[in-house]
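Enquirer: First the structure, then my questions, so here it is.
The values are calculated or read from the model by the stated rules, or taken from the named source; none is laboratory data. It should be emphasised that the depicted structure is a prediction, and the values quoted were computed from it without experimental measurement. Please note: Cβ atoms are built from the backbone with ideal geometry, for glycine as well, and neighbour counts cover all protein chains shown.
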Amino acid sequence: MQALIRGVLLETIVILGVVPSLTAQVPLSDARLKNFHPLPAFIPNPRNPVTELKIQLGRVLYYDPRLSANQKISCNSCHNLDRYGADQGRVSVGFRGVLLRTGWTAQWE
């Protein structure tokens, strides 16, 4: 665990030292802040309306392991909705047990 913390701290120091503009605080004027609003919970698409049947189909497919290459894991196996869809690990584990880089999707394994 200490090695992990040291690694994260070292990465942070390197990033902050190499790219100082990332740490610069740029004040935003009130006029610019008025352009930002919370995103809506739902954005309707008139060309593809959401129906109860589509929602049910999405849930069934998301939890169906038969769609995976080895037919043993579902989308929820790695993107567990109880954990907000994140595996919460430093690296992800692919369906063959291979450790994947952060941001690497299992579909490319």
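Enquirer: Taking the stated definitions as given, is V18 within 20 Å of the chain's Cα centre (by Cα), among the β-branched types (V, I, T) and at pLDDT below 75?
Expert: no
Enquirer: Being closer than 18 Å to G85 by Cβ and among the acidic types (D, E) is the filter here, so list the residues in region 33-67 that pass it.
Expert: Selection gives D64 alone.
Enquirer: More than 28 Å from F42 (Cα to Cα), at pLDDT 80 or above and of a type in the set (A, V, I, L, M, F, W, C) - does that describe any residue in region 62-80?
Expert: Looking through region 62-80, at least one residue is more than 28 Å from F42 (Cα to Cα), at pLDDT 80 or above and of a type in the set (A, V, I, L, M, F, W, C).
Enquirer: Go through region 51-89 and give me each residue that's surrounded by 11 or more Cβ atoms within 10 Å (Cβ to Cβ) and touching a residue at least 24 places away in the same chain (Cβ under 8 Å).
Expert: Matches in region 51-89: S68, A69, C78.
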